[in-house]
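Colleague: The structure's right below; bear with me while I get my questions together.
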Amino acid sequence: MAKNPNVKIYVCHHKQSPYIKNECIIPIQVGRALSNTELEYCIGDDTGDNISHKNKSWCELTAIYWAWKNDEADYYGLMHYRRYLSLKSHGDYNVINRLNDDIINEHKLDPESIRSICEGQDIITGPIWNVHPVGLPWKVMSNYDQYALDHYKKDLDVIVEIVKEKYPKYYLALLESMYSTSCFFANIAIMKREYYHEYCEFLFGVLEEAESKVDISSYDSYQSRIWGFIAERLVNAYVLFARREHKGIKISTAGLMYLAEAPVIDKELILKGISDKKKEEKILLDETINICMSFDDKYYPHASATIESILDNSNENQRINFHILCDKNLSNEKRDLLLLELKSNVQIKFVEIDPDLFISLPLNRSYISLNTYYRLVIHKVLQDVDKIIYLDSDMICLDDIAKLWLEPLDGKCIGASLDEGGLLQTRRLILGADNNYFNAGMIVFDLKVIREKYEDVFNDYMINFYVNNREISLQDQDILNITFKNEAKILPLKWNVNSRMFTANDLERKYSMQQESETLLDIGILHYTDRRKPWTLTCVHPLKDFYWKYRKKNPHAPMSEQDKLIERYAGKISYRISGGFILTKVFGIEFKLNKAIIGKLLRAFKINF
């Protein structure tokens, strides 16, 4: 066992980003041969024996190859500029929003800790996770099936045949890996020299053979990253092989950190922008603005806050018709309450929907009801309406809704804003690299255009669901994105300001942090998008008070004692999961509680967490 080993862990960068750089961690610019920009804090993958020019399809493998061919070390490793191993743990996942000495020391990424940990191990991988489609953790599947779902199965079949014919000693391990339902991802690992070199001989031997047999000329920019995707499967196979082949080998897993830079939130400026809008003269249109919502008794208080916010920020004389798609779960009592004290220019109409139409569609989030699908029939049940704005019931309008009504759709069927994890969702549904996956919380439907372009778009919705059933995880939002992938006009982000704009977002989205910052100074509609809604005790949203402001405007949605407690203490209690325990922070003091204790507390206080 080498004492004080020479450890070199290469962190792949392709754009300017926060970084760690020390004796053991080396930032490397991948694809430098193709780049017009040289990152001054990085070494390049384009010197010596290299494949830098292949980076578009070989991804991080250009760094693995460069280290193999050009550097000497006792241990070699790979990480990414947004994904770092956490050597303090065995499988934990942490989202961080900065890289500083505290983070480096806490997660044992300082040189002394790295060397000490590597001394006792031969291979360290990222966390082992179950394999499943994005957003469907209960649909566990094999690595082979998951690759076939997200990529082109034929390419993986080529790999399997090459290994069988030319690298037979790895064949059994590859099959075991392909049909396993767990793996580590992103090619992140640290290996002792002898294993790293053995792995590279296997990896690049297989991929160079496959490159000559697979035509990727028609692949989009995402699917063109084929060799990086396949390498994720091969490194898992190699670790299984090494465990069997090399007796006494020491293999362990580490945790993973995801660097999601948090936006700089100037709450005072944000509130000023909202206040300034309040002073603006409101638009008065000759036409009626149609708004559609769908909710039940449980969501009645929240929907009433949405309605109050729309009316409060509109011209007092603007004609607005609310069309509520509902079933028996919106009681007559709640319907009557909504109709009380309406001004003559505001109408609320209830449209009965048959829930049996949607009985086969999934509900895979606890806070989602069947109502979310009812918008799929608005073109049928609102025959006298040509245009309508659909809004979820966890939204608060902070600008004149007439501005949204006037947004041009340019002949498209719908208008919507980009989703907070749109790139990830686009890949999951294989919609193409140029697709704009939208969030369905706010959609402007041009029903006239929809009726002209589709004989009955509901049939298209259902066909798209059944054809893509294994990939549907975001209910109607997925169905709408598939159906209207070429018929959606992307509207400004201000009309669907999601909760992740206010915190570190670990999801890949299509808009930039600059766009986020600009949007927060011009908020149109707030969308409380995560589980921690304003009416839950763990809500930390900096603008949650707007929900309570409009909730209390409706005298017919009175605040319970529980509501008052939550309004007062929301954000004072938070939690995170670590090592099988729930670490709960109450007024800044952290307690370690197991799930049984949390359950007792919830039952005792009947509080929404």
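The values are calculated or read from the model by the stated rules, or taken from the named source; none is laboratory data. Because the structure is a prediction, the values reported are computed rather than measured. Using ideal geometry, Cβ is built from the backbone for each residue, glycine included, and neighbour counts are taken over all protein chains shown. Just the protein is used for accessible areas: all its heavy atoms, side chains included, with ligands, DNA and RNA removed. Shrake-Rupley method; radii C 1.70, N 1.55, O 1.52, S 1.80 Å.
Colleague: Could you check region 180-212 and list, in sequence order, the residues that are modelled with pLDDT under 95 and open to solvent by 50 Å² or more (accessible area, probe 1.4 Å)?
Modeller: Residue satisfying the conditions is Phe185 alone.
Colleague: Considering each residue of region 209-230, count those that are of a type in the set (S, T, N, Q) and under 19 Å from His53 (Cβ atoms), and give that number. Break it down stepwise before answering.
Modeller: Pass one, region 209-230, residues of a type in the set (S, T, N, Q): 212, 217-218, 221, 223-224.
Still in the running and under 19 Å from His53 (Cβ atoms): 212, 217, 221, 224.
Qualifying residue count, region 209-230: 4.
Colleague: So Ser113 passes all but one of these: (1) at pLDDT 95 or above; (2) closer than 21 Å to Asn187 by Cα; (3) hydroxyl-bearing (Ser, Thr, Tyr). Which condition number does it fail?
Modeller: (2)
Colleague: When you go through Tyr374, Tyr390, Tyr367 one by one, which is the residue that is under 24 Å from Val497 (Cα atoms), modelled with pLDDT of 90 or more and either open to solvent by 10 Å² or more (accessible area, probe 1.4 Å) or in contact with a Leu (Cβ under 6 Å, 6 or more places away or on another chain) (or both)?
Modeller: Of Tyr374, Tyr390, Tyr367, the one residue that is under 24 Å from Val497 (Cα atoms), modelled with pLDDT of 90 or more and either open to solvent by 10 Å² or more (accessible area, probe 1.4 Å) or in contact with a Leu (Cβ under 6 Å, 6 or more places away or on another chain) (or both) is Tyr374.
Colleague: I've got another one for you. Which residues, counting only those in region 489-509, are touching a Gly at 6+ places or on another chain (Cβ under 7 Å) and open to solvent by 20 Å² or more (accessible area, probe 1.4 Å)?
Modeller: Selection gives Lys489, Lys494, Leu507, Glu508, Arg509.
Colleague: Also: If you check every pair at least six apart or on different chains, which have Cβ atoms under 9 Å apart with a residue in region 57-84 that is at positive phi first and a residue that is part of a loop (DSSP other than H, G, I, E, B) second?
Modeller: That search, which allows pairs on different chains as well, returns Cys59/Val30; Cys59/Gly31; Cys59/Asn187.
Colleague: Further, regarding this structure: Hey, among the residues in region 396-448 that are touching a helix residue (DSSP H, G or I) at 6+ places or on another chain (Cβ under 8 Å) and among the charged types (D, E, K, R), which one's surrounded by the fewest Cβ atoms within 10 Å (Cβ to Cβ)?
Modeller: So the residue we want is Glu407.
Colleague: Another question about this same structure. From the list Ile348, Ile396, exactly one residue is at pLDDT 95 or above and farther than 28 Å from Lys448 by Cβ. Which is it? Spell out how you get there, then give the answer.
Modeller: Working: Ile348 fails: farther than 28 Å from Lys448 by Cβ.
Going through Ile348, Ile396 in turn, the sole match is Ile396.
Colleague: Any idea which residue in region 27-54 is farthest from Ser221 (Cα to Cα), counting only those that are open to solvent by 30 Å² or more (accessible area, probe 1.4 Å) and not in a loop (DSSP other than H, G, I, E, B)?
Modeller: Filtering region 27-54 for residues that are open to solvent by 30 Å² or more (accessible area, probe 1.4 Å) and not in a loop (DSSP other than H, G, I, E, B), the one farthest from Ser221 (Cα to Cα) comes out as Ile43.
Colleague: Which one is nearest to Asp296 (Cα to Cα) among residues in region 338-357 that are within 34 Å of the chain's Cα centre (by Cα) and part of a loop (DSSP other than H, G, I, E, B)?
Modeller: This residue is Ile353.
Colleague: Among the residues of region 1-56, how many are at positive phi and at pLDDT 95 or above?
Modeller: So the count comes out to 2.
Colleague: Quick one: in region 516-545, of everything that is more than 18 Å from Leu398 (Cβ to Cβ) and within 19 Å of the chain's Cα centre (by Cα), which residue is least open to solvent (accessible area, probe 1.4 Å)?
Modeller: My answer is Asp530.
Colleague: Identify all residues within region 217-236 that are in a helix (DSSP H, G or I) and of a type in the set (Asp, Glu); write none if there are none.
Modeller: Matches in region 217-236: Glu232 only.
Colleague: Okay, moving on. If you check Lys485 against the conditions, is it open to solvent by 10 Å² or more (accessible area, probe 1.4 Å), basic (Lys, Arg) and over 30 Å from Asn317 (Cα atoms)?
Modeller: So Lys485 fits the description; yes.
Colleague: Of all residues being of a type in the set (Phe, Trp, Tyr) and over 30 Å from Asn435 (Cα atoms) in region 213-249, which is surrounded by the fewest Cβ atoms within 10 Å (Cβ to Cβ)? Just the residue, please.
Modeller: Phe241
Colleague: Which one of Ser512, Ser473 is small (Gly, Ala, Ser), open to solvent by less than 20 Å² (accessible area, probe 1.4 Å) and under 19 Å from the mean Cα position of the chain (by Cα)?
Modeller: Being small (Gly, Ala, Ser), open to solvent by less than 20 Å² (accessible area, probe 1.4 Å) and under 19 Å from the mean Cα position of the chain (by Cα) holds for just one of Ser512, Ser473, which is Ser473.
Colleague: Can you find even one residue in region 123-145 that is within 23 Å of Gln223 (Cα to Cα), open to solvent by 20 Å² or more (accessible area, probe 1.4 Å) and in a helix (DSSP H, G or I)?
Modeller: yes
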